[in-house]
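What follows is a short report on a single structure.
The values are calculated or read from the model by the stated rules, or taken from the named source; none is laboratory data. Treat the numbers as computed from the prediction; the structure is a model and nothing was measured. Cβ placement follows ideal geometry from the backbone for every residue including glycine, while neighbour counts extend to all protein chains displayed.
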Amino acid sequence: SDRLIEEIASSWLTASNVVVFTGAGMSTESGLPDFRSAQGLWKQRPESLATMAAMRQMPDEFYFFYQWRIQRLWSVEPNVGHLALAELEAAGRVQHVITQNVDGLHHRAGSVHISELHGTLKTVSCLNCRTHYDSRQLLPQREGWEAEYQNGGYRHGSECVCLQCGGFLRPDVVLFGEALPEDAWQMAQAWSRKADLFVVIGSSLVVSPANYLPQIAVDAGAKLLIINQENTPLDHRATWTLRTKAAETLPVIARRIKKAGNGV
Ligand code: APR
């Protein structure tokens, strides 16, 4: 409602450390499905697919999961929600973006101060010799590989093998059971403790340790705004919850802040 947006915008204007925390719901309006509300897209749950065990025990499922997402990743654009956040950062109204997303869309929208907690799907690397490649290297060269998957005929192939040493390639994302990149994790914790306004956008907040960050912020005295289409386990600790779409709401909030802040 307008009153709620009004209240949020004026609180945002008085905050000195605004930290934004995003999940897959930030990118669904760019055409990238999220993990837990995308019905039936994946034959396995992300928790069981995004693992080294899956790469070994069900390589066809594992590689298709990533190949499909890599293919989409390179064909989508940042949405107006990403652009609104970049604008707010340029106007000094967002100090840091913590993202669980591996799609690089915040960077492409113009955000600068970003912590990528779960790595990136823009590159892949060899398990053996660590050579890095643009992630399109992992895409099958043949036509129609996506349709093969639907009818159970998909098999991963030589595209999953390092050109230098023949080792298997892996996406440069954090798989379940792996540690988060230390620098990103430290930076994200520091900003969460410093925040006086912590804004969660498009995350189910079910994956740890990322979901500790909003709690760290609230425990340190920050106000919590959650913009998410479904309930989250932290809604009871939020000052405001908006059950709205990120790409619809963020431009509205950005406009209100711009107007109220005399266009600062
Ligand atoms: N606007 C607002 N909320 C949205 C939108 C939207 N346009 N689209 C989806 N959502 C909400 C969904 O309702 C859901 O609650 O975004 C949330 C996305 O939750 P998940 O799919 O669980 O994604 P995320 O929270 O980012 O998952 C965390 O899990 O699989 C791992 O490493 C992966 O980073 C990912 C992590």
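Say whether the condition of being surrounded by fewer than 13 Cβ atoms within 10 Å (Cβ to Cβ), over 15 Å from the mean Cα position of the chain (by Cα) and free of Cβ contacts under 8 Å to residues at least 60 places away in the same chain is met by at least one residue in segment 119-129. Yes, because at least one residue in segment 119-129 is surrounded by fewer than 13 Cβ atoms within 10 Å (Cβ to Cβ), over 15 Å from the mean Cα position of the chain (by Cα) and free of Cβ contacts under 8 Å to residues at least 60 places away in the same chain.
Given the conditions (1) under 20 Å from VAL124 (Cα atoms); (2) at pLDDT 95 or above; (3) more than 14 Å from the ligand (Cβ to nearest atom); (4) touching a Lys or Arg at 6+ places or on another chain (Cβ under 7 Å), and given that GLY104 satisfies all but one, which numbered condition is not satisfied? Single failed check for GLY104: (3). Summed over segment 179-195, residues that are of a type in the set (A, V, I, L, M) and within 16 Å of the ligand (Cβ to nearest atom) total 4. Only a single criterion out of (1) surrounded by 15 or more Cβ atoms within 10 Å (Cβ to Cβ); (2) closer than 27 Å to THR28 by Cβ is not satisfied by ALA147, namely (1).
Put simply, of PHE176, PHE198, PHE168 the only residue that is surrounded by fewer than 19 Cβ atoms within 10 Å (Cβ to Cβ) and within 16 Å of the ligand (Cβ to nearest atom) is PHE176. None of SER27, SER16 is exposed (fewer than 15 other Cβ atoms within 10 Å of the Cβ) and either within 15 Å of the ligand (Cβ to nearest atom) or not hydrophobic (A, V, I, L, M, F, W, C) (or both) except SER16.
Among ARG69, ARG56, which is part of a helix (DSSP H, G or I) and either surrounded by fewer than 17 Cβ atoms within 10 Å (Cβ to Cβ) or free of Cβ contacts under 8 Å to residues at least 24 places away in the same chain (or both)?
On the way: ARG69 fails: either surrounded by fewer than 17 Cβ atoms within 10 Å (Cβ to Cβ) or free of Cβ contacts under 8 Å to residues at least 24 places away in the same chain (or both).
It is ARG56.
Yes or no: segment 103-111 includes at least one residue that is touching a helix residue (DSSP H, G or I) at 6+ places or on another chain (Cβ under 7 Å), surrounded by fewer than 17 Cβ atoms within 10 Å (Cβ to Cβ) and closer than 26 Å to ALA15 by Cα. Yes, the conditions are met somewhere in segment 103-111.
Any idea which residue in segment 139-167 is nearest to LEU121 (Cα to Cα), counting only those that are among the aliphatic types (A, V, I, L, M) and at pLDDT 95 or above?
So in segment 139-167, the residues among the aliphatic types (A, V, I, L, M) come out as 139, 147, 161, 163.
Checking the rest, the ones that are also at pLDDT 95 or above come to 139, 161, 163.
Values: LEU139: 12, VAL161: 17, LEU163: 19 Å.
That would be LEU139.
Of all residues in segment 75-84, exactly one satisfies the criterion of being in a helix (DSSP H, G or I) and either more than 13 Å from the ligand (Cβ to nearest atom) or hydroxyl-bearing (Ser, Thr, Tyr) (or both), namely LEU83.
Suppose we filter LEU197, LEU213 for residues that are touching a Phe, Trp or Tyr at 6+ places or on another chain (Cβ under 7 Å), aliphatic (A, V, I, L, M) and within 20 Å of THR120 (Cβ to Cβ); which single one remains? Lay out the reasoning, then the answer.
Numbers: LEU197 fails: within 20 Å of THR120 (Cβ to Cβ).
The conditions single out LEU213.
Return a yes/no flag: does segment 189-204 have any residue that is of a type in the set (S, T, N, Q), part of a strand (DSSP E or B) and more than 25 Å from ALA254 (Cα to Cα). Within segment 189-204, not a single residue is of a type in the set (S, T, N, Q), part of a strand (DSSP E or B) and more than 25 Å from ALA254 (Cα to Cα). The set of residues in segment 57-88 being over 18 Å from the mean Cα position of the chain (by Cα) and not polar (S, T, N, Q) consists of MET58, PRO59, ASP60, GLU61, PHE62, TYR63, PHE64, GLU87, LEU88. Taken over segment 206-247, residues that are within 13 Å of the ligand (Cβ to nearest atom), in contact (Cβ under 8 Å) with a residue 60 or more places away in the chain and outside any loop (DSSP other than H, G, I, E, B) amount to 6.
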